[in-house]
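**Q** Sharing a structure with you now.
The values are calculated or read from the model by the stated rules, or taken from the named source; none is laboratory data. This is a predicted model, so every value here is computed, not measured. A quick note on method: Cβ atoms are made from the backbone with ideal geometry, for glycine too, and the neighbour counts reach across all protein chains shown. Just so you know, the surface numbers come from the protein's heavy atoms only, side chains and all, with ligands and any DNA or RNA stripped out. Shrake-Rupley method; radii C 1.70, N 1.55, O 1.52, S 1.80 Å.
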Amino acid sequence: MGRWQDGRGKLIVHGEREGFAVPLEIATSYRARTKGLLGRDSVDGALLLSPAGSVHTFRMRFPIDVAYLDRRLRVIAVRTMKPGRLGLPRLRSRHVLEAEAGAMEGWGVRVGVRVEIAVE
């Protein structure tokens with residue numbers, strides 16, 4: 001864990017497929033978190049918003065999977081959101097992962113799974 005800066009890294013999922021790694025964009029500055037996936041047609045891997053407790057999909061072009069993470073990077077909720085929706089804030093959420101709809105299921109990201117962030 002720790003403090004990250006805007007940039008790239010790897011999302012490592014500890015679950016069924018131990019150590020499975022996914023390309024990751026890290027958005028920690030206000031500007032990067034505000035922009036998020038807006039204006040894109042897709043995302044390569046996942047986007048980490050930190051700190052974040054909720055998200056919206058207004059002006060997005062595609063549906064996304066959203067995983068809410070607690071301070072220990074354990075998944076506390078996973079939702080699929082269509083464009084034009086407002087996600088409910090999660091009380092213990094400190095970080096949010098976003099990816100194309102359906103991707104997280106394939107990676108094994110589900111409630112209770114711990115993830116790790118490796119900065120490049």
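**Q** Select from segment 19-55 the residues that are farther than 16 Å from Q5 by Cα and of a type in the set (A, V, I, L, M, F, W, C) and write down the one among them that is surrounded by the most Cβ atoms within 10 Å (Cβ to Cβ).
**A** The residue in question is V55.
**Q** Continuing with this model, one more query. From L86, L91, grab the single residue that is more than 15 Å from D44 (Cα to Cα), touching a strand residue (DSSP E or B) at 6+ places or on another chain (Cβ under 8 Å), open to solvent by 100 Å² or more (accessible area, probe 1.4 Å) and not charged (D, E, K, R).
**A** On the way: L91 fails: touching a strand residue (DSSP E or B) at 6+ places or on another chain (Cβ under 8 Å).
When all the criteria are applied, what remains is L86.
**Q** Something else about it: Just name the residue that is nearest to V111 (Cα to Cα) out of those in segment 1-46 that are among the acidic types (D, E) and at pLDDT 95 or above.
**A** Top of the filtered list is E25.
**Q** Which numbered condition trips up R74, out of (1) under 19 Å from G36 (Cβ atoms); (2) surrounded by 12 or more Cβ atoms within 10 Å (Cβ to Cβ)?
**A** Status for R74: all satisfied but (1).
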